[in-house]
Amino acid sequence: MTFCLETTIIKPEKNKNINNVVILLHGYGGDGKDISMLSLNWKRHMPNTIFICPNGHETCSINPSGYQWFDLTNDDPNYILNQSLIAEEKINKFLDEVKEEYNVENKQICLSGFSQGCMMSINVGLTAEQGFGCIVGFSGKIIDIKNLKSRRKNRTNTLLIHGDQDDIVSPTHLLEAKDFLIRENVNIETHLIENCGHHIPVEASSIALKYILKNI
């Protein structure tokens, strides 16, 4: 099957059965191949999991060799929200295709992402009619808390990880998201990584792997 988004796919080795899916959404200016690197360690511990890493539906405005889920050249909050809602529609269509292709349900899927991909994972994950296995976000934030509050439909278990030295997406967003999700009765776990900027260190990858193994 050809998916609606160009995709990097890492299948289980030795044709093992697919019991679970990890969706990895890249950050602004990245692509599926970049974020698929997370699977190199994870797949050894998840032999029946397929890792699916789509490219954003738009070419990145400031990096034509990469992709974006929504434009960041205009910093108007309403513009960003509207663009992110368009991206949600694209990702939801993509997820429907993945579920049909691999015969899985939301509870068998982990939605994960970095930075802008984290933001999309939170929104897509918590607004679905049926909850997912888990949401795992690195270095992101909630795009619009008021909007998400009005649309949230489930309480998918969520892990958010952030570097305390992040100068791209402030770590204060981690605390804001935690406070909001606690008030929404979402089971939220957070980790602030010391001396870490805007990237995914080995420590964060290991924490995420353990969390995913507990939840899908």
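Any read-out appearing in this document is the output of simple, stated calculations on the displayed coordinates, not a laboratory observation. Predicted, not measured: the structure shown is a model, and the values here were computed from it. Backbone-built Cβ (ideal geometry, glycine too); neighbour counts: all protein chains shown.
Here region 139-162 is scanned for amide nitrogen atoms under 17 Å from the site 7 Å beyond the Cα of Glu105 along Cα-to-Cβ, giving 154-157. Where both residues lie in the chain, what percent of DSSP beta bridges are antiparallel, nearest 5? Antiparallel bridges make up about 20 percent of those DSSP assigns within the chain. Gain on full extension, evaluated as 0.36 nm per residue between Thr190 and Ile9 minus their Cα-Cα distance, stands at 62.4 nm.
Taking amide H atoms as placed 1.01 Å from N in the peptide plane, the amide H of Asn187 lies under 5 Å from those of Thr158, each 5 or more residues away in sequence or on another chain. Taking +1 at the Cβ of each Lys and Arg and -1 at the Cβ of each Asp and Glu, which of Gly56, Asn41, Leu95 sits farthest along the dipole of region 30-116 towards its positive end, judged by Cα position relative to the Cα centre? Positive-end residue among those listed: Asn41. 3J(HN,Hα) along region 153-170, derived from phi through the Karplus expression 6.51 cos²θ - 1.76 cosθ + 1.60 where θ = phi - 60°, amounts to 10, 8, 10, 4, 4, 10, 10, 10, 10, 8, x, 6, 10, 5, 10, 9, 10, 4 Hz, with x in place of Gly and Pro. For Val169, Val22, Val104, Val136, the sequence from fewest to most other C-beta atoms within 10 Å is Val104, Val169, Val22, Val136.
Across the options Cys134, Val104, Phe70, the greatest Cα extent toward the positive end of the charge dipole of the chain (unit charges at beta carbon of Lys, Arg, Asp, Glu) belongs to Val104.
Fully extended, how many nm does the chain gain between Glu97 and Leu213 (0.36 nm per residue separation, minus their Cα-Cα distance)?
Full extension from Glu97 to Leu213 adds 39.4 nm.
Evaluate the relative contact order of region 7-215 (contact order divided by residue number), counting alpha-carbon pairs under 8 angstrom at least 6 apart; express in whole percent. About 16 percent, as a whole number.
Here the relative contact order of region 1-117, from alpha carbon pairs under 8 Å that lie six or more residues apart, stands at 36 percent. Between Arg155 and Asp167, the modelled labels are 4.0 nm apart [label points 7 Å from Cα along Cα→Cβ].
222 nm [θ] for the chain, helices only, -39500 (n - 2.57) per DSSP H run of 4+, per residue, to 500? The helix-only estimate for the chain comes to -11500 deg cm²/dmol at 222 nm.
Amide H contacts of Lys141 (H built 1.01 Å from N, in plane; Pro and chain starts excluded): Met119 sit under 5 Å, all sequence-distant by 5 or more or on other chains.
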